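> Input: one structure, supplied below.
The values are calculated or read from the model by the stated rules, or taken from the named source; none is laboratory data. The model shown is predicted, which means the values in this text are computed figures rather than measured ones. Glycine also receives a Cβ, built like all others from the backbone with ideal geometry; neighbour counts cover every protein chain displayed. Just the protein is used for accessible areas: all its heavy atoms, side chains included, with ligands, DNA and RNA removed. Shrake-Rupley method; radii C 1.70, N 1.55, O 1.52, S 1.80 Å.
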Amino acid sequence: MLQLNNVETFYGGIQALKGIDVSVEKGEIVTLIGSNGAGKSTTLKSISGLTKVKTGNIVYKGSDITNKPAHETTLLGIAHVPEGRRIFPRLSVKENLLMGAFSVKSRQVIEERMERAFHYFPKLKDRLEQKGGTMSGGEQQMLAIGRALMMSPDLLMLDEPSMGLAPIIVEQIFEIIKELNGEGITILLVEQNAYQALQVADRGYVIQTGEIKLKGNGHDLITNDEVREAYLA
Ligand code: ATP
């Protein structure tokens, strides 16, 4: 479904990705793990078009999407929930959700998608008029994922959904990730919480200073000595 071939991405003179190869098959949960500054977020941004790829290419469902702008990758079915959620703090929950369906004209489709978001996150329904910025961290993460679901994505990319959340909320978020995957949404998950990510993932990549250091299925990585020492300690 998605292939990154030898992708190199720079921020000015800083090379954040040094030629990475990553693939995601339809229906999988794939995780990228690695420490701070390894290039995980840059990988997602390179896919969704938020940063420019210098060399290499990205193929999605057979089409070259390298350096397509973010509004176009969204329309192709790629939803990116960025690190730190980035909801619209002054807009209500409902308005935030509607932003996720910006390209949809049909009222009925919008309502169906909203009901689907409420199925996963019932709390959003009770808080429709609340300003996004006044929601708790966990609620904002749910809103951010809910907004992404409003696009009805085929590929959902989540950047550190567990960051800063209480363990019980993290559990809930991971349960929902599994449920969404069970409904056919392919997931690319970036996490510092490597243990939890590898437990839900079919496959994972370990990224270190812009390079893929290891790859394998979730179980192999979770039991790998190098991974245990560096990321699961
Ligand atoms: P974290 O979990 O801390 O976000 P990460 O693995 O997601 O880490 P990236 O955010 O992709 O890492 O960063 C990769 C490298 O690119 C780092 O060295 C970082 O300092 C650099 N970088 C990221 N964004 C920018 C930017 N906008 N301008 C300059 N350098 C950047």
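> Mean-square fluctuation check for the chain, GNM, Cα pairs under 10 Å: which of Glu171, Glu191, Glu160 is largest?
Greatest mean-square fluctuation among the candidates belongs to Glu171.
> Same structure, new question: Residue separation times 0.36 nm, minus the C-alpha to C-alpha distance between Glu25 and Gln192: what's the value?
57.9 nm
> Can you tell me which of Thr223, Thr186, Thr73 moves the most in a GNM of the chain? Springs connect C-alpha atoms under 10 Å apart.
Thr223
> Given just the C-alpha atoms of the range 90-152, how large is their convex hull per residue in cubic angstrom?
Dividing the Cα hull volume of the range 90-152 by its residues yields 68 Å³.
> Can you give me the Cα centroid spacing of the range 118-169 and the range 42-64 in angstrom?
The range 118-169 and the range 42-64 have Cα centres spaced 25 Å from each other.
> For the range 128-223, give the share of DSSP beta bridges that are antiparallel, in percent and rounded to the nearest 5; count only bridges with both residues there.
55
> Also: Relative contact order for the chain: what percent, with Cα pairs under 8 Å and sequence separation of 6 or more?
27
> Right, another one. Scan the chain and hand back the longest stretch that contains none of the trypsin sites (Lys or Arg not before Pro) lying in DSSP loops with at most 16 other Cβ atoms within 10 Å.
106-233
> How large is the charge dipole for the range 90-152, taken about the Cα centre, if only the Cβ atoms of Lys, Arg (+1) and Asp, Glu (-1) carry charge, to the nearest 20 debye?
120
> Per residue, how much accessible area does the chain show when a 1.4 Å probe rolls over the protein heavy atoms, in square angstrom?
47
> Restricting to the chain, compute how many DSSP beta bridges are antiparallel as a %, nearest 5.
55
> Among the listed pairs Lys18/Lys215; Lys18/Lys40; Lys52/Lys213; Lys40/Lys94; Lys18/Lys45, which have their C-alpha atoms separated by more than 20 angstrom in this model?
In this structure, Lys52/Lys213; Lys40/Lys94 lie more than 20 Å apart at Cα.
> Would you mind calculating the relative contact order of the range 1-51 from Cα pairs under 8 angstrom and at least 6 residues apart, reporting the percent as a whole number?
31
> Right, another one. Taking the Cα atoms only, what angle lies between the long axis of helix 137-149 and the longest principal axis of the chain, rounded to 10 degrees?
For 137-149 against the chain, the angle is about 90 degrees.
> Please name whichever of Val200, Gly62, Ser106 sits farthest to the positive end of the charge dipole of the chain, dipole taken about the Cα centre and charges placed at Cβ: Lys and Arg +1, Asp and Glu -1.
The residue sitting farthest along the positive end of the dipole is Ser106.
> Hey, another quick one. Looking at the chain as a GNM with Cα springs under 10 Å, which of Leu189, Leu124, Leu214 has the largest mean-square fluctuation?
Taking springs between Cα atoms under 10 Å, the residue moving most is Leu214.
> While we're looking at this one, here's another question. Tally Lys and Arg at +1 and Asp and Glu at -1 over the other residues with C-beta under 15 Å from the C-beta of Ser162: what net charge comes out?
Local net charge: -4.
> Taking all protein chains in place and a 1.4 Å probe, what share, in percent, of the accessible surface of the chain do carbon and sulfur account for?
Carbon with sulfur: 49 percent of the solvent-accessible area.
> Now, a different point. For the chain, take the convex hull of the Cα atoms, compute a quarter of its surface area, and give me that in nm², please.
Result: a mean projected hull area of 12.2 nm².
> Still on this model: Would you calculate the separation in nanometres between label points at Ile110 and Gln130, each defined as 7 Å from the Cα along the Cα-to-beta-carbon direction?
Output for this residue pair reads 2.3 nm.
> For the range 41-171, what does the relative contact order come out to in percent, with C-alpha contacts under 8 Å and a separation of six or more?
32
> Nearest 20 debye, what's the magnitude of the dipole of the chain about its Cα centre given +1 on Lys and Arg Cβ and -1 on Asp and Glu Cβ?
Using only the charged Cβ atoms, the result is roughly 820 debye.
> While we're here: Helix-only estimate, please: 222 nm mean residue ellipticity of the chain, summing -39500 (n - 2.57) across DSSP H runs of length 4 or more and dividing by its residues, to the nearest 500.
Helix contribution divided over all residues of the chain: -11000 deg cm²/dmol.
> Here's something else I'd like to know. Let me know the charge dipole size of the range 174-233 about its Cα centre in debye, to the nearest 20, where only the beta-carbon of Lys, Arg (+1) and Asp, Glu (-1) is charged.
100
> Separate question: If I fit a long axis through the Cα atoms of helix 167-182 and take the longest principal axis of the Cα atoms of the chain, what angle between them do I get, 0 to 90°, rounded to 10?
90
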